[in-house]
Amino acid sequence: MRSMMFNSVSCALATAVLMAAPVYAQKGAIQESYAAVVKKALPAVVNISTSRIVRTPRGGELPQLPDFFDFFGFGRPGREFEPAPAPRERRAQSLGSGVVVSGDGYILTNNHVVEEAADITVAFDDRREFTAKLIGGDALSDIALLKVEGTGFATLPMGNSDSIQAGDICLAIGNPFGLKSTVTMGIISATGRGGLGIETYEDFIQTDAAINPGNSGGALINTRGELIGINTAILSRTGGNQGIGFAIPINMARDIMAQIRDTGKVSRGYMGAGIQDLTPELAKAFGLSSTNGVAITQVEEGSPAERGGLRPGDVVVAVNGNTVKTANELRLRISGTKPGETVKLGVQREGKPVTLAVTLKQLPAQRGDEESGPSGGEQSALEGLSVDELTPQIARQLGLSPEVKGVVVTRVDPSSNAAASGLVRGDVIQSVNRQPVTSVAEFRKLFNSTASQSVVLLVNRRGATRFVVVRPQGRNR
């Protein structure tokens, strides 16, 4: 599983999706067969089998389930210094799919199909087999590039995934459950799917063409036989196809593939800011008329965002003149810009438009989250919330850097609106209504000024910041 309720199609993706042609031919007749398109495409879709070394504990032990002594840190009597048994090694096999994209043997697939593989074997539709070399992989997008020796291989022409629309017919080709050269048909259900938690960078094509385990890395094609996507994952409660599959758009995969082929790695732009989608409540609190835009929750010290003048509480509405509506869109635009290039951000700041120029840096390794009581009838939104000073010791316990300032939440009344908004013990409140908070005294001062008002809190939870809107107590809906 690549995320909750998502079953990665990590063996062989065997579903080729055809798109773009209408159901009816120009003369009004129903198109009854795509056999000619499939016949031409099958030689370019391969079966990928891998093996890797897996280490398992001896004696059937379950290392994730410590006994009483281990759990409470007492040590086992008489066994304090006893070494753990050496793990066993076994060779695990897995299956997947791939697409030949050049006559000299370059093959596009999913990174999770070949990740940590000791050996990779590629089998063609005509039963030829080759040992493949991994040129490189990108875990953040789940794209990998393989190479087999030889020339004259059949290839799939690449289409333009930006031109596809919901309702277009598509075919998926791959090797589900190891069944070679399997073809299924469906339509494009949606484009631009993101925020699913499958990959860090998501811009998926959604299709109802049957995709199952083993289809990963296989082809999604249109009715002209052009490659429009790389099948990657399914949403399923059963582990099999339920009509919701996802493919990486070929335009995105092609750019990543080119970087891997030319340099062995992928470079992405990075500005060093935490981002968050706007909710209706948050948009209203910011004085905005719609939820189109992306809230800046955090700006890293010394980052391109800080140098460009971006501030927490800013709302980014455009990049280089192109509207951005969601955090996923902004993340894709920033990461898709080369490090060293400057982007112009259209920003709403306290109701006023601002244009900022931010020169991007290279995305650091292991990153990718950018771009994550008064009186009188009504009570403050902050009723039911207890806070304390954020000491260096508490900050360390919460995994926060010494630079983080704020107050730490020590108690949340379960019946309060603060709890309903998602606040929990251990959260650090860094600002109230975009006013920085560095002490309990400052928090109380702002607390006393929030009667009958919704408040916008900037909350830091173990290093990840986000805005939270809390309604006045007694006005939960």
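Listed here are the strands (runs of 3 or more DSSP E) enclosed by segment 380-449 that have at least 3 residues being over 17 Å from Arg466 (Cα atoms) and of a type outside the set (A, V, I, L, M): 385-389. Within segment 248-266, being closer than 12 Å to Gly336 by Cβ, in a helix (DSSP H, G or I) and of a type outside the set (D, E, K, R) holds for Asn251, Met252, Ile256, Gln259.
Please specify each residue of segment 278-315 satisfying the condition of being in contact with a helix residue (DSSP H, G or I) (Cβ under 6 Å, 6 or more places away or on another chain) and either in a helix (DSSP H, G or I) or crowded, with 21+ Cβ neighbours inside 10 Å (or both). Those that are in contact with a helix residue (DSSP H, G or I) (Cβ under 6 Å, 6 or more places away or on another chain) and either in a helix (DSSP H, G or I) or crowded, with 21+ Cβ neighbours inside 10 Å (or both): Val294, Val299.
Exactly one residue among Ile205, Ile187 is over 24 Å from Asp255 (Cβ atoms) and of a type in the set (Val, Ile, Thr), and that residue is Ile187.
Within segment 435-448, restricting attention to residues that are closer than 15 Å to Thr410 by Cβ and surrounded by 17 or more Cβ atoms within 10 Å (Cβ to Cβ), the residue that is modelled with the highest pLDDT is Val437.
If you filter segment 335-350 down to residues that are at pLDDT below 95 and within 28 Å of Ile429 (Cβ to Cβ), you find that the one that is surrounded by the fewest Cβ atoms within 10 Å (Cβ to Cβ) is Glu350. Candidates Val468, Val432, Val459, Val409: the one that is crowded, with 18+ Cβ neighbours inside 10 Å, more than 23 Å from Arg349 (Cβ to Cβ), at pLDDT 85 or above and under 30 Å from the mean Cα position of the chain (by Cα) is Val409.
All conditions in (1) in contact with a Cys (Cβ under 8 Å, 6 or more places away or on another chain); (2) farther than 30 Å from Pro339 by Cα; (3) not in a loop (DSSP other than H, G, I, E, B) hold for Ile228, with the sole exception of (2).
Based on this model, can you work out whether Gln242 counts as among the polar types (S, T, N, Q), assigned to a strand (DSSP E or B) and in contact with a Leu (Cβ under 9 Å, 6 or more places away or on another chain)?
no
The values are calculated or read from the model by the stated rules, or taken from the named source; none is laboratory data. What you are looking at is a predicted structure, and each value in this text was computed from that prediction instead of being measured. Note that each Cβ is placed from the backbone with ideal geometry, even for glycine, and that neighbours are counted across all protein chains shown.
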